[in-house]
1. Take F47 and decide whether it is open to solvent by less than 20 Å² (accessible area, probe 1.4 Å), over 19 Å from E9 (Cβ atoms) and either in a helix (DSSP H, G or I) or in contact with a Leu (Cβ under 9 Å, 6 or more places away or on another chain) (or both).
2. When the residues of the range 78-96 are narrowed to those that are of a type in the set (D, E) and under 18 Å from G44 (Cα atoms), which ends up least open to solvent (accessible area, probe 1.4 Å)?
3. Within the range 108-125, which residues are over 12 Å from the mean Cα position of the chain (by Cα) and either small (G, A, S) or open to solvent by 40 Å² or more (accessible area, probe 1.4 Å) (or both)?
4. Consider the range 41-96. How many of its residues are among the polar types (S, T, N, Q) and in contact with a His (Cβ under 9 Å, 6 or more places away or on another chain)?
5. Can you tell me which of (1) over 16 Å from W23 (Cα atoms); (2) under 13 Å from the mean Cα position of the chain (by Cα); (3) not polar (S, T, N, Q) is the one V139 doesn't meet?
6. Within the range 69-77, can one find any residue that is open to solvent by 10 Å² or more (accessible area, probe 1.4 Å), more than 15 Å from K113 (Cα to Cα), in contact with a helix residue (DSSP H, G or I) (Cβ under 7 Å, 6 or more places away or on another chain) and free of Cβ contacts under 8 Å to residues at least 60 places away in the same chain?
7. Give the number of residues within the range 1-35 that are farther than 19 Å from N90 by Cα and outside any loop (DSSP other than H, G, I, E, B).
8. Scan the range 46-63 for residues that are under 16 Å from L75 (Cβ atoms) and free of Cβ contacts under 8 Å to residues at least 24 places away in the same chain and report the count.
Amino acid sequence: MSSEVIVKEIAIEADLELVWKAWLEERRITQWFAPMANVDPRIGGKFELFFDPSNPERMGTKGCTIRELEEQRLLVFEWKGPDDFAEWMNREGELTVVRVEFAPAGPGKTNLKLTHSGWGTSPGWSEAKEWHVAAWNQVLGSLKSEIESGEGVLCCR
């Protein structure tokens, strides 16, 4: 495995509690990340996102679990790549890991830092990593815009 990581940081105009819940409550995570989810917010619990709900066997993180969890501070989970990168990214025992750190940044503001590690070194891995750099930008942008819209399930307790 490579020591390279993807690191993304974002400031969100929302209370820490709401940003935290956006990651760990199925009814919220399906508003900004994936259309279907199975999240059991405990260490060893499921962290499964399904990007094609009609077929949960493809394009998702089926079988991934939460590795670390500290209330409103830290979420660490296993990650599988899209089907195009399954040959490299989706082998049991060799999954990449996503670490999301949450920090209050003043009244009604939250800083979020995402670190995605565990990348291999083959050309296939390089392509997968490049794809994820763009994907995480899009995902975090979606979280920010949805939660800051002030509408729907994400905005409110």
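The values are calculated or read from the model by the stated rules, or taken from the named source; none is laboratory data. Please read these numbers as outputs of a predicted model, since none were measured by experiment. Positions of Cβ are backbone-derived with ideal geometry, glycine not excepted, and every protein chain shown enters the neighbour counts. Just so you know, the surface numbers come from the protein's heavy atoms only, side chains and all, with ligands and any DNA or RNA stripped out. Shrake-Rupley method; radii C 1.70, N 1.55, O 1.52, S 1.80 Å.
1. yes
2. For the range 78-96, the residue satisfying everything is E78.
3. G108, K109, N111, S117, G118, G120, T121, S122, P123, G124
4. Going through the range 41-96 one residue at a time, the tally reaches 1.
5. So the condition that V139 fails would be (1).
6. So far as the range 69-77 goes, no, none of its residues is open to solvent by 10 Å² or more (accessible area, probe 1.4 Å), more than 15 Å from K113 (Cα to Cα), in contact with a helix residue (DSSP H, G or I) (Cβ under 7 Å, 6 or more places away or on another chain) and free of Cβ contacts under 8 Å to residues at least 60 places away in the same chain.
7. Counting residues in the range 1-35 that are farther than 19 Å from N90 by Cα and outside any loop (DSSP other than H, G, I, E, B) gives 22.
8. Of the residues in that region, 4 qualify.
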